[in-house]
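Data first, discussion second: the structure below is written as structure tokens.
Values quoted throughout were computed directly from the atomic coordinates according to the rules given, and no laboratory measurement underlies them. Quantities reported herein were computed from a predicted structural model and do not represent experimental measurements. For neighbour counting, all protein chains shown are included, and Cβ atoms are generated from backbone atoms with ideal geometry for every residue, glycine included.
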Amino acid sequence: MAFARWDPIRDLLAIQQRHRFEPAPSGWIPPIDVHETADEYVITAELPGLGRDDVEIQVVDGRLQITGQRRERDLPCEQYHRVERGHGSFSRTFEFPLPVDEDRVTADLRDGVLIITCPKATDGGARRIRVS
């Protein structure tokens, strides 16, 4: 019986290579960052090639849901040599630790970057009770 030395980096790179160019089950998954300030949650999504009509944002049951679709470009060509940009529909849902003020959520799409600002709700949160 021969033993092979386990190299976790080699295994991770092999997995990454295997999945690098396979589309996500839903078509593609846009990269998204979520950060928090004292007053709000901010979601930044990279959506190159999408317009305002291609994206829908909803707050449902306290969760923010972003859905959209990037259509394939109909370019005249005889043969693609490489296709790395995903196409199709996507859906991402985010749940926040604290409730957000749904009426004050704003979204701005500029140069392929979507920024969603979700102000934290001021009422209904925990408050400190003074002991007398």
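Could you please let me know if ILE29 is in contact with a Lys or Arg (Cβ under 8 Å, 6 or more places away or on another chain), more than 27 Å from THR122 (Cβ to Cβ) and of a type in the set (A, V, I, L, M)?
Considered against the rule, which asks whether it is in contact with a Lys or Arg (Cβ under 8 Å, 6 or more places away or on another chain), more than 27 Å from THR122 (Cβ to Cβ) and of a type in the set (A, V, I, L, M), ILE29 comes out as yes.
If I ask for residues that are surrounded by fewer than 16 Cβ atoms within 10 Å (Cβ to Cβ) and in contact with a Lys or Arg (Cβ under 6 Å, 6 or more places away or on another chain), which ones from the range 89-114 would you list?
Once the filter is applied, which keeps residues that are surrounded by fewer than 16 Cβ atoms within 10 Å (Cβ to Cβ) and in contact with a Lys or Arg (Cβ under 6 Å, 6 or more places away or on another chain), the range 89-114 yields THR93, GLU95, LEU98.
Could you tell me how many of the residues in the range 59-88 are part of a strand (DSSP E or B) and surrounded by 13 or more Cβ atoms within 10 Å (Cβ to Cβ)?
Here the count works out to 9.
Can you tell me how many residues within the range 37-58 are in contact (Cβ under 8 Å) with a residue 24 or more places away in the chain, surrounded by 12 or more Cβ atoms within 10 Å (Cβ to Cβ), more than 11 Å from the chain's Cα centre (by Cα) and under 24 Å from ASP101 (Cβ atoms)?
The total comes to 5.
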